[in-house]
Amino acid sequence: MAFDHEGSLWVGTYRGGLNRFKDGKFLTYTSKQGLVDDIVYGVLQDRDGSYWIATAGGVSHFINGKFVNYTPQNGFPDDLARYIIRTRSNQLYFATYSGFADTKTGTSKISQRVAGLAIGCVLSMKIHKGGFG
């Protein structure tokens, strides 16, 4: 769950997609609207107002009312994305079972990044208060 800049609550569900609670009503986004998968693990609003959604099928980027999906078929390192964090420099990191992926600063391009992990499976991440990026 996450709140956006407008105060709406975004809720990821198991098989129910992504739900936005605004003005006392839920608006649901599922694979029928273009979400990559209906099992949603996390959502993060980017500084540009778009949303990144971690799912059991990869990552969806909801921008300008449309979904852009990242899966192994187009270069994302895994079918499953569990968690998303953003650094102070606006770099995004996605935890997957195959390590983690990141965005290039200032772009929506996702690249694989696993360097140095003893085991590839990443279940969660946190930025130390001292900073990162």
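Readers should treat all values here as calculations from the given coordinates under stated rules, not as data from a laboratory. All values reported here derive from a predicted model rather than from experimental measurement. Here the Cβ is made from the backbone with ideal geometry for all residues, glycine too, and neighbour counts use every protein chain on show.
List of remarks:
- Rounded to the nearest Hz, the phi-derived 3J(HN,Hα) couplings of the stretch 67-84 under the Karplus curve 6.51 cos²θ - 1.76 cosθ + 1.60 (θ = phi - 60°) are 9, 10, 10, 10, 9, x, 5, 10, x, 5, x, 7, 5, 10, 10, 9, 7, 10, where x marks glycine and proline.
- Other-chain or far-sequence residues with amide H under 5 Å of residue 97's (modelled H): 80, 122
- Alpha-carbon centroid distance for the pair the stretch 77-101 / the stretch 33-54, whole angstrom: 12 Å
- Cut-off 18 Å, label 7 Å out along Cα→Cβ of residue 9, residues of the stretch 35-55 by amide N: 40-45
- Cβ-based net charge around residue 80, under 15 Å, with every Lys or Arg adding one and every Asp or Glu removing one: -2
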